[in-house]
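This report refers to the structure that appears directly beneath it.
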Amino acid sequence: MFFALAALALACALPQEHNQAKSPVEIVKQDSEINVNGYNFEFETSDGTYRQEQGDYKNDTEQQGLSVKGSYKYVAPDGQHIQVTFVADKNGYQPTEENANQENKPTQS
């Protein structure tokens, strides 16, 4: 009897699997453009994930190479809505994270 109660207690303590099938994530928006001066693209999926990026080729005394600006957002596994904006240029990758639980802050890169 004790063994049966211990097994039942252990089974109740284990994480329960949700048998709900998740529907596949679909692309609801997609756009891109590429030319000799740079590129831009964006996409959005049915689960709320979004990504946008623009890259411009720079060839001047200030900078040579790509200067990239963009953002992305998604819902984290814990339910937080995360949004990151970034710049990547001669000074490196410079992200800024935003979410509902905190103010804007630079992220560690």
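The values are calculated or read from the model by the stated rules, or taken from the named source; none is laboratory data. All figures in this text were calculated on a predicted structure; none of them were measured in a lab. Every residue, glycine as well, gets a Cβ built from its backbone with ideal geometry; the counts of neighbours run over all protein chains shown.
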Exercise. Which one is surrounded by the fewest Cβ atoms within 10 Å (Cβ to Cβ), of the residues in region 69-88 that are farther than 13 Å from residue 48 by Cα and touching a strand residue (DSSP E or B) at 6+ places or on another chain (Cβ under 9 Å)?
Worked result: 87
Exercise. Looking at this structure, is residue 66 modelled with pLDDT under 90 and in contact with a strand residue (DSSP E or B) (Cβ under 6 Å, 6 or more places away or on another chain)?
Worked result: yes
Exercise. Could we say that residue 107 is modelled with pLDDT under 85, on the phi < 0 side of the Ramachandran plot and touching a Pro at 6+ places or on another chain (Cβ under 7 Å) here?
Worked result: yes
Exercise. Within region 36-78, which strands (runs of 3 or more DSSP E) (wholly inside it) include 3 or more residues that are touching an Asp or Glu at 6+ places or on another chain (Cβ under 8 Å) and of a type in the set (A, V, I, L, M, F, W, C)?
Worked result: 64-75
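Is it fair to say residue 43 is touching a Lys or Arg at 6+ places or on another chain (Cβ under 6 Å) and either aromatic (Phe, Trp, Tyr) or at pLDDT below 85 (or both)?
On the way: touching a Lys or Arg at 6+ places or on another chain (Cβ under 6 Å): yes; either aromatic (Phe, Trp, Tyr) or at pLDDT below 85 (or both): yes.
Answer is yes for this residue.
Being over 23 Å from residue 27 (Cβ atoms), touching a strand residue (DSSP E or B) at 6+ places or on another chain (Cβ under 8 Å) and of a type in the set (Asp, Glu) is the requirement here; does residue 60 meet it? Full working, then the answer.
On the way: over 23 Å from residue 27 (Cβ atoms): yes; touching a strand residue (DSSP E or B) at 6+ places or on another chain (Cβ under 8 Å): no; of a type in the set (Asp, Glu): yes.
The answer is no for residue 60.
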Problem set entry | Evaluation of residue 52 against (1) touching a Lys or Arg at 6+ places or on another chain (Cβ under 6 Å); (2) modelled with pLDDT of 95 or more (one fails), failing number | (1)
Seminar exercise, completed: When every residue in region 79-91 that is more than 13 Å from the chain's Cα centre (by Cα) and in a strand (DSSP E or B) is compared, the one modelled with the lowest pLDDT is 89
